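Bear in mind that the values in this text are calculations on the coordinates, not laboratory data. Everything numeric in this text was worked out from a predicted model, so none of it was measured. With ideal geometry, Cβ positions are generated from the backbone for all residues, glycine too; neighbour counts draw on all protein chains shown.
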Amino acid sequence: MSKKLTLDALRQLREDKQKELSKRDPANKDIQVIIGMGTCGIAAGAKNTFAAFLDILDAKNITNVLVRQTGCMGLCHSEPTVEVITHDMPPVIYGNVNKEACEKIISQHILEGKLVDDLICDRPAIDIIR
Amino acid sequence: MHASIADVIVDIVQNSIEANATHVELTIVTNPDRLMVTVKDNGKGMDATQLKRAFDPFYSEPGKHDKRRVGLGLPLLIQMVEQTGGQTDITSTPNLGTTVSFWCDQHHPDIPPLGDLPLALVSLMAYPSNCEISLARFNGNNSYDVTKSELVEALGSLEEPANLTLSRRFFKSQEESLYEEQ
């Protein structure tokens with residue numbers, strides 16, 4: 001029989017996690033990973049992309065990243081799409097972000113500050129999105 | 001077509017959030033024969049003409065998306081339900097809100113899998129908006145319910161990976177408990 005996790009138990013887990021994190025890394029959350037979760041993104045597997053970011057960030061104990069969701073970014077042909085915003089680089093949209101791509105984005109872009117060239121998408125031109 | 005029913009649910013709830021709802025009630029009921037979902041919001045609603053157009057995949061409400069003109073959410077839902085012997089019911093009143101409900105026959109060979117419902121629920125609860133989401137989930141005689149504000153009160157920001165991971169554990173354990181002996 002599985003042990004059902006209640007909201008109280010969840011609160012306790014959160015406090016334990018907070019204590020653990022505050023010992024290790026008080027850094028500000030200065031990096032944003034924004035995942036396109038419109039109909040097109042969901043149909044192309046954006047939910048798995050969302051899960052992959054959570055799993056990898058957790059496994060690597062990276063604590064200065066916020067994971068956000070947004071709707072369609074206008075790049076339906078390259079879903080799942082992910083925008084990465086860091087304080088020292090221009091905002092970049094990556095396309096076709098599967099689990100392998102998540103690994104690359106985290107290890108190269110977020111940790112090393114290097115663009116993942118083969119995944120970069122151009123933003124849609126204004127005359128096209130009109 | 002979406003790969004799972006969980007994906008369809010995410011899509012429909014996002015419609016409610018994008019319709020400026022401040023409260024969405026999501027009810028998911030499963031039993032061996034049927035899967036029933038209701039999404040009720042207090043968003044801006046639609047009149048009869050707008051409701052009819054919402055079923056057209058080549059129509060998206062002006063201003064909803066600045067980058068495209070098609071809207072596939074409701075058409076994909078209707079396609080899935082029609083192809084699997086179920087039924088969809090959509091009612092809407094301007095300025096009062098919209099209720100989308102559907103049921104599917106669990107025995108139909110073409111019914112998509114339920115999918116990763118815990119992850120879908122985390123995604124919904126964490127979707128950026130001030131909209132309260134109340135989930136009521138039933139499987140046979142077992143059930144649980146939770147609101148977005150309860151999760152935020154317990155965990156804090158639902159944009160932090162650690163909190164999202166804990167939310168996922170929460171929903172996973174609640175879902176597993178639904179399928180324990182009744």
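Laid out as a table, the results:
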{"read-out": "Rounded to 5, percent antiparallel among DSSP beta bridges of chain B", "value": "75"}
{"read-out": "With Cα atoms, 0 to 90° folded angle of helix A:46-59 axis to chain A main axis", "value": "50"}
{"read-out": "Rounded to 5, the percent of DSSP beta bridges in the protein assembly as shown classed as antiparallel", "value": "70"}
{"read-out": "For chain A, cysteines whose Cβ has no other cysteine Cβ within reach (under 4.7 Å)", "value": "A:C72, A:C102, A:C121"}
{"read-out": "Label zone at B:N20, where the point sits 7 Å out along the Cα-to-Cβ direction: region B:41-56 residues whose backbone N lies under 20 Å", "value": "B:41-54"}
{"read-out": "Value of D in µm² per second that Stokes-Einstein yields for the protein assembly as shown, Kirkwood Rh from Cα pairs, at 37 °C (0.692 mPa s)", "value": "161"}
{"read-out": "Label-reachable residues, region A:85-101, where backbone N falls under 17 Å from a point 7 Å from A:L111's Cα toward its Cβ", "value": "A:99-101"}
{"read-out": "Region B:99-182: chymotrypsin sites (Phe, Trp or Tyr not before Pro) in DSSP coil with no more than 15 other Cβ atoms inside 10 Å", "value": "B:Y179"}
{"read-out": "Chain A - share of DSSP beta bridges that are antiparallel (%, nearest 5)", "value": "60"}
{"read-out": "Inter-label distance, nm, simple model (7 Å from Cα along the C-beta direction), B:R169/A:E100", "value": "3.1"}
{"read-out": "Between region B:150-177 and region A:66-106, the Cα center-to-center distance that results, in Å", "value": "23"}
{"read-out": "R0 of 22 Å, Cβ-Cβ distance B:D145-B:T91: FRET efficiency to nearest 0.05", "value": "0.45"}
{"read-out": "Global geometry of region B:85-182, whether rounded, prolate or oblate, following the gyration tensor of its Cα atoms and the 1.5 cut on a/c", "value": "oblate"}
{"read-out": "Neighbour count of at most 12 Cβ within 10 Å plus DSSP loop: longest GluC sites (Glu not before Pro)-free window in chain B", "value": "B:1-179"}
{"read-out": "Separation in nanometres of the label points that stand 7 Å from Cα toward Cβ, at B:H108 and B:E82", "value": "1.1"}
{"read-out": "Exceeding the 24 Å Cα-Cα cut-off - candidates A:K29/A:K60; A:K104/B:K148; B:K40/B:K148; A:K4/B:K148; B:K52/B:K148; A:K17/B:K172", "value": "A:K104/B:K148; B:K52/B:K148"}
{"read-out": "Cα gyration tensor shape for region B:5-178, rounded if a/c is under 1.5, else prolate or oblate", "value": "oblate"}
